[in-house]
Amino acid sequence: MNIKNFFQYTPSTKYTFNIQETQSVSETEKLSKDEVKQSIYKSIDQNLKYVESKYNTLINSDIIIRTFSIVAKNKEFKAFLLYIDGMVDSDLINNYVLKPLMIKNKSNTFDGTITEEENPNKITVKKVQNFNLKDYIYDNLMPQNNVKQKADFSELFTGINSGNCGLIVDTIDIAFDIDVKGFKQRNIDKPSIENVIKGPQEAFVENIRTNTSMLRRFVNNENLIIESISVGKLSKTQCALCYMQNLANDVLIAEAKFRLNNLSIDTLISSGQLEQLIQDDNVTGIPQIISTERPDKCVKAIMQGRAVILINGNPYALIIPSVLIDFLSSSEDSNLKPLFANFLRGLRFLAMLITILLPGTYIAITCFHQELLPTDLLFSIFASRENVPFPIVFELLLMETSFELIREGGLRSPSAIGSTLGIVGALILGDAAVAANIVSPFLIIIVAITGLASFAIPNFSFGFHLRIYRFAFIALGYLCGFLGIGLGLFIYIAILCSLKSFGVSYTAPIAPDTSNLGIKYFIPPFWKQEYRNAYLAPKKEIAQNKISMKWKNSGKD
Amino acid sequence: MEKINNKEAISLVVALCTNVTILLSSQVIINDCSSGSLINSCLISLIAIALTLVICSLYRKFIGLNILDISEYLGGKTLKTIIGIIFIIYFLFTSSILLYRLINCLKIIYYPITNIVYTVLLFIIAVGIICNLGNNAFSKANYIILPLSLLTIILAFIGNAENFDYENVFPIFGNSINHTFITGISNLFTFGGINYLFFLPSKLKNPNKFLRISVLSIVISSIVLLFIVTTILFMFNANLVEGQLFPFYSAVRYIEFGTFFQRLDSAFLLIRIISFISFLSITSNLCLNIFKEIINTSDEKPIIYPFMLLLFSCTLLPETIKALDSFHLQNNIFKFLFFITFALGMLILIFAKFKKNRKESSL
């Protein structure tokens, strides 16, 4: 640095940009214009101006307004088509919208409609009907299967935004919402997160209609209700509440609708946002709604009397209500023999305990309760720590944080190097840390087992909360040993017991012990799954006959 | 308020009795009756079951009501308030005595240089959090924890079986028949959970099952009592028990499962801590509910922390007043409070039944 400049004032050259925070919300903004419904005008010029201003056609390059003339009954009417480029099928618009409307033929050049009636005297009487342009276009010029008449712009715009095209004709105060969707979308693919070895290999996609069709196909029953609810004042994201009307509890469905219809938000983009908005408790961080990409899992839930919420633009569905044991269950369980499935369920429960308690217990034992370990093992632990300069809690936190970094790094990196990063991080970093006497080898084992156990938790959100709570148990174990672990564990269990998911106790059917009917944590063979879970209060408790394998009895005679 | 189901109700009463037994009464029984402890345990168990049946028969006229509602029916709001305060004192003092004993054990075993105040504070904060959770979280959590707690007691019995000295049971009637059968009846305080029965009907989802719930819970508690007393009596000579702070813990120290699990006492203590925090949350919640009913308020949250402060102060009383730091005195306070509250509860029920009968006959 120049000495001269040191004493001289130099103005800051750093570029700063701040947006002034709004101090108060004006009354006019509170009653947003978006919420005011505007009816379609009769004058096409007015309609055109309104559409152009609403869609900012001077700025937006993908908004297409195609003006043309319609000939009907030998009269010409001005009209325009409104659609979003890239979201519609051009061929459909050309062949089945513009062509019938623009090409002059005998039917639209004739100046009166004639209907023929045959009276009892076998004399045909020809009547000329009054001309109605709206009905005429709808009945004669629209060779489309899905055309709706909209009276106000907001409804029309919702259709256009989802890939339809709007037809507005001079002199009539309604618009036609024509289904010509043709945007590119992802094909149905294999599940990327919830993989199973045996079982369906289909996952939800971003398009809500594809997802609802998958549910329809799986359920294959007319009692499946798929109710559409739009969420978000600006985004008007289409959500679908799916349930079996003869199984799901009416109160549950009413509550779900109540929550979905009472969301005062501007935009809804993901299922994660909706999950936060509708779940009962957001303080503890424990997930209370299952988010899944598997249609078969949703169908299973629907058939138990639960409800599923699909969100347009998101390949994840939300299952309500969800209880603790659902987060430890996998779709694989129903595809396996009960012996194997229950073994896996037991393993997952153990994984849950290890994830949350192992590091804390390790620290409690090494700091306070050394007598619990056999002398030889205790010596080997202390011998391995002999050259480590840090206190054990620092050592543990260092390794846990490194593990979390490796996991996050692997997740965010491109898939090609993601797995390599994990191996490099785990092997080389761990080995180097031990060689450099930063951590003890025993601790590496503890952290590795904890990490592996956390991967065994089938639900990502549930596993995440365990990873966070683990740090609290590390602190408690370090501060007061088993006393801290014991107090923490009881508080944790009490927190779980205090939670509710859409009115259902989170720890059901274990506490409260609802009923012996239905499935608890360990699943019986499929032929013995005769009842639906009582905690869901389904309309039909019996899921199958007492003797489901009738073929066994039929051979007795 | 959310109601509890039958199994949760049973687990609440059993948890109350078990914790009293492990931390205090098993030692008192063995001190009082020596080798006659087993017979004394059987005797008090039978008396407890009989008393439970009497309570249930008196409650037949007051289905779904608790002792506070009944005392209001009998003597108006004044009697309700008096009874409420007496029961609060009972549950508050019994909790603080047991907490003080557990913390003293922990201090000797694991935290010799830590001030007892911090350990008490940890328990108080934990109970405060649990009380704040609401939704009967404590009763559900207790229902989950109790099987684990009972399992450790059974494991302690099985694990120690090879070390049992069966001669400790002789002479079978203990120091004297008088000690075992007459004065030994005072050991009935081990079933402190009986006093909880006075408040149970109003908490139940199905109050008609009150009889079954009460009898089952007392029977289970009796079995637990027998397991604990047997384990201690067969492990140590009765004369050795008196000087110990936590004899059941001492018994667990002798358990060995193979060469790997040579000292399981800290694992046992972990379960006991969890079980005791469950006990504390049950009694604290009950006290808060009683107080809520007395002052007729719908929200108990504002009174949680003042009550925790009260529990904290009561627990530390023996630290402040050294005269109270005596096993015999604490044991006598416990017995006195138990019998006063129990007798009051019974009297209220009997008089209320008379009143109701008279009203019905006059109609």
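Values computed for the structure shown
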{"item": "Residues B:Asn357 and B:Ser326, FRET efficiency given R0 of 51 Å [Cβ-Cβ distance, rounded to 0.05]", "result": "0.65"}
{"item": "Once exposed loop trypsin sites (Lys or Arg not before Pro) are cut out (DSSP; at most 14 other Cβ, 10 Å), longest piece of chain A", "result": "A:199-538"}
{"item": "Averaged over A:477-489, number of beta-carbon atoms from partner chains that fall within 10 Å", "result": "6"}
{"item": "Within a Gaussian network of chain B (alpha carbon springs, distance under 10 Å), most fluctuating of B:Leu24, B:Leu122, B:Leu311", "result": "B:Leu122"}
{"item": "Compactness of the range A:336-505 as Cα Rg over 2.2 N^0.38 Å, two decimals", "result": "1.13"}
{"item": "Rh by Kirkwood over Cα pairs, then Stokes-Einstein D for the protein assembly as shown at 1.002 mPa s and 20 °C, µm²/s", "result": "64 µm²/s"}
{"item": "Electrostatic dipole magnitude of the range A:344-413 [Cβ: Lys, Arg +1; Asp, Glu -1; Cα centre; debye, to 20]", "result": "380 debye"}
{"item": "Spin-label pair A:Lys528/A:Arg66, simplified geometry with 7 Å Cα→Cβ offset, distance in nm", "result": "6.4 nm"}
{"item": "nm² value of the averaged projected area, convex hull over the Cα atoms of chain B", "result": "18.7 nm²"}
{"item": "Sites B:Glu256 and B:Ile154, calculated FRET efficiency, Cβ-Cβ separation with R0 30 Å, nearest 0.05", "result": "0.95"}
{"item": "Cα-projected label distance for A:Glu371 with A:Ile428, points at 7 Å along beta-carbon direction, nm", "result": "4.7 nm"}
{"item": "Likely footprinting exposure, A:Leu268, B:Leu288, fewest C-beta neighbours within 10 Å first", "result": "B:Leu288, A:Leu268"}
{"item": "Other protein chain Cβ atoms within 10 Å, averaged over every residue that makes up A:542-550", "result": "0"}
{"item": "Theoretical ellipticity at 222 nm over the protein assembly as shown - DSSP helices of four or more residues, -39500 (n - 2.57) apiece, nearest 500", "result": "-17500 deg cm²/dmol"}
{"item": "Pair A:Lys104, A:Phe382: separation of 7 Å Cα→Cβ label points (nm)", "result": "10.5 nm"}
{"item": "Mean Cα-pair separation over length for the range B:6-362, i.e. relative contact order, pairs under 8 Å, 6 or more apart, %", "result": "39 percent"}
{"item": "Full-extension gain in nm, A:Tyr138 to A:Asn56, via 0.36 nm per residue minus C-alpha separation", "result": "26.6 nm"}
{"item": "Residue range of chain A that is longest and free of chymotrypsin sites (Phe, Trp or Tyr not before Pro) which are both DSSP loop and sparsely packed (at most 14 other C-beta within 10 Å)", "result": "A:184-521"}
{"item": "Residue among A:Asn246, A:Leu377, A:Ile289 farthest towards the positive dipole end of chain A, charges placed on Cβ", "result": "A:Asn246"}
{"item": "Eligible lysines near B:Lys107 by straight Cα distance, threshold 23 Å, same-chain separation 8 or greater", "result": "B:Lys322"}
{"item": "q = 0.14 Å⁻¹, the range A:208-322: log10 I(q)/I(0) [Debye, one scatterer per Cα]", "result": "-0.51"}
{"item": "Fraction of alpha-carbon pairs over 14 Å apart in the range B:279-363 - percent", "result": "78 percent"}
{"item": "The range A:145-277: Cα Rg divided by the 2.2 N^0.38 Å rule of thumb", "result": "1.24"}
{"item": "Set of aspartates and glutamates with alpha-carbon distance to A:Lys190 below 17 Å, sequence-local pairs under 8 removed", "result": "A:Glu202, A:Glu206, A:Glu293, A:Asp296, A:Glu332"}
{"item": "Average beta-carbon neighbours from other chains, 10 Å sphere, peptide A:499-509", "result": "2"}
{"item": "Gyration tensor over alpha-carbon atoms, the range A:327-429, equivalent ellipsoid semi-axes in Å", "result": "31, 24, 11"}
{"item": "Simple Cβ-charge dipole of chain A, Lys/Arg +1 and Asp/Glu -1, about Cα centre, in debye nearest 20", "result": "1140 debye"}
{"item": "Relative contact order (%) - criterion: Cα under 8 Å, at least six apart; region: chain A", "result": "12 percent"}
{"item": "Residues B:Ile340 and B:Asn115, FRET efficiency given R0 of 30 Å [Cβ-Cβ distance, rounded to 0.05]", "result": "0.35"}
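No value in this document is a laboratory result; all are computed from the given coordinates. The structure presented is a predicted model; accordingly, all values stated were derived computationally and were not measured. In this analysis, Cβ positions are derived from the backbone assuming ideal geometry, glycine residues included, and neighbour counts consider all displayed protein chains.
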